[in-house]
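Below: the structure, in structure tokens.
The values are calculated or read from the model by the stated rules, or taken from the named source; none is laboratory data. Remember, predicted model here, so these are calculated numbers, not experimental data. Cβ placement follows ideal geometry from the backbone for every residue including glycine, while neighbour counts extend to all protein chains displayed.
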Amino acid sequence: MIRNLSILMIGLNLTMFARAQDDPQKPLRAGIIGLDTSHVTAFTSLLNNPKNTRDLAGVRVVAAYPGGSPDLPDSINRVEGFTKTLRDKYKVEIVDSIDELLKKVDVVLLESVDGRPHLKQLIPVLKAGKLCFIDKPVAGSLADALQIYHLAKKHKVPVFSSSSLRFSPGILKMRNDPKVGEVLGCMAYGPCPIEKHHPDLFWYGIHGVETLFTIMGTGCKSVVRTSTKGADVVTGTWKDGRIGTFRGIRKGQSGYGALVFGSKGIAPSGGYGGYEPLVVEICKFFRTGKPPVSAEETIEIFAFMEAADESKRQGGIPVTLESVIGKAKGNAEKTSLEADDPPDDEKGFVPMFNGKDLTGWRFGNEPANMDKLPKNWKVEDGMIKLLGGGSPHLASVKEYEDFDIRIQWRAHKKGYNSGFYIRSGKNVGANQINLAEKDCGHLIYGVKGTKAVPDLQKPPGEWNDWRVLAVGDKLTLWCNGTKAWEITNFKPRKGYIGLQAEGHAIDFKNIRIKELK
């Protein structure tokens, strides 16, 4: 079904990686990104057991970066506890950044419970050439999943992602159970609570969906979803006419498993088999560079779940996996996150600020004149420096419609105040993303529905990285790699970019924009 995606595996399965040490018996040093899930303590307990033999003896967790998503309680509220356990019980070194982590390890376990930051967190891992296991969900969107495997192929670094259910013995054996014979159909089931920041099945339904694909294999063409408050039923039709179903449970007794229909019999699968079978496969992967789950299969699984969401949005009609993959490819091209990578990420971006003067900017109706700048603005050391005070605001000469814009800003002390105007009027007063410390990130003087996100900002003296994506009536803000909010019905469809003169000194740099046609 997804034959055009098979090229993603070229160079991955065939690539063998030499490890960082010459002695193949010496344990690989593993690093963990994201200490907000029980997986980190469970995996570390297995890997750092001094009595380990065979595959589990070959990898040891030595360092970890806590991470955490401030807007997701199931993430940020768990970081402190798991960090303490790794540091105190397992003597794992806790580091302050992913870059620092990569200097200390040979391989990486990307464990952030929130799938949204996975792409951003993975990029430096790929650039460092470190093999990586990506825990479920592989990403926060199908577009990000496609981008992950595209970048893995580009950097020639194998990765894989999987639910632990895939390798549970009672589930894995059902593909070739002689009592069942050829698998003709399957009804898999599992818990399916919904987390509002993720597509419905990505958060926990992934376990049951991966069970379904472990037994059925790839080849799903379309899905239909029926959804109520207490359950979801997603029915997939495979290209050979087989039917596979996932039941997501939100009410009543729950558990993991499947009923398998075969040419010789009908039989229930086993259930959850613990973490060890998965961790053994991860260790084998780290040693060989051969992913036990192909990119093609993982992408099909996430396309199945995305198509299920689309079916729900359209009232339960059949949705093809091909259609959602096509749409996601377009979104991936518009929202590429890879930093400092001219072949991909810089394609289409142009600087709005050249680092030397204010060409392309204006005060009021007049282009900025470097010989007669207002007293509260100056250009110095590659930065636009707001010295404080009130007007005039700085505005773009040009209007913009659909675009992806990136900007770095730095406050000098607490109590700072400014604003970032998006598709504003010529006088740049409306559609301000606030840069006031306590209300930072809140869209004011425009469409309602956003929130302040001061917790996503770095303290005065440190640079913040913002990204704003405006496509049609949808506006999305990311702060330091974390999605802050997304709104629709954003108006107008075209307007100016601007920086507000207000309050204390703030510096701006690296302002670049990609217009989306």
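Worth pointing out:
- Any hit, segment 136-144, residues being more than 21 Å from Y204 (Cα to Cα) and crowded, with 19+ Cβ neighbours inside 10 Å: no
- Residue within segment 465-483 that is in contact with a Pro (Cβ under 7 Å, 6 or more places away or on another chain) and either of a type in the set (S, T, Y) or at pLDDT below 95 (or both) present: yes
- Residue list for segment 299-322, restricted to those being surrounded by 15 or more Cβ atoms within 10 Å (Cβ to Cβ) and among the small types (G, A, S): A303, A307, A308, S311
Yes/no matrix, rows are residues, columns are (1) of a type in the set (D, E, K, R); (2) within 27 Å of D96 (Cβ to Cβ); (3) outside any loop (DSSP other than H, G, I, E, B):
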site	(1), (2), (3)
R29	yes, yes, yes
I32	no, yes, yes
L35	no, yes, no
T41	no, yes, yes
T44	no, yes, yes
N49	no, no, no
N52	no, no, no
L56	no, no, yes
V61	no, yes, yes
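- Residue selection: E182 fails the criterion of being crowded, with 24+ Cβ neighbours inside 10 Å, touching a residue at least 60 places away in the same chain (Cβ under 8 Å) and within 20 Å of K239 (Cα to Cα).
- From V223, V293, residue being surrounded by 15 or more Cβ atoms within 10 Å (Cβ to Cβ), closer than 21 Å to I148 by Cα and in contact with a Ser or Thr (Cβ under 9 Å, 6 or more places away or on another chain): V293
- Where strands (runs of 3 or more DSSP E) fall wholly inside segment 373-433, the ranges with 2 or more residues that are in contact (Cβ under 8 Å) with a residue 60 or more places away in the chain and more than 20 Å from D465 (Cα to Cα) are 394-400.
- Hits in segment 265-280 - residues which are more than 16 Å from S38 (Cβ to Cβ) and surrounded by 20 or more Cβ atoms within 10 Å (Cβ to Cβ): S269
- Annotation note: Cβ proximity below 7 Å between a residue of segment 159-171 that is more than 10 Å from Y272 (Cβ to Cβ) and touching a residue at least 60 places away in the same chain (Cβ under 8 Å) and a residue that is among the small types (G, A, S) and crowded, with 24+ Cβ neighbours inside 10 Å (sequence gap 6+ or interchain) occurs for V159/A152.
- Within segment 480-500, the set of residues being in a strand (DSSP E or B), in contact with a Gly (Cβ under 6 Å, 6 or more places away or on another chain) and buried (at least 19 other Cβ atoms within 10 Å of the Cβ) comprises A484 only.
- Odd one out for N49, checked against (1) surrounded by fewer than 17 Cβ atoms within 10 Å (Cβ to Cβ); (2) under 26 Å from the mean Cα position of the chain (by Cα); (3) closer than 20 Å to T37 by Cα: (2)
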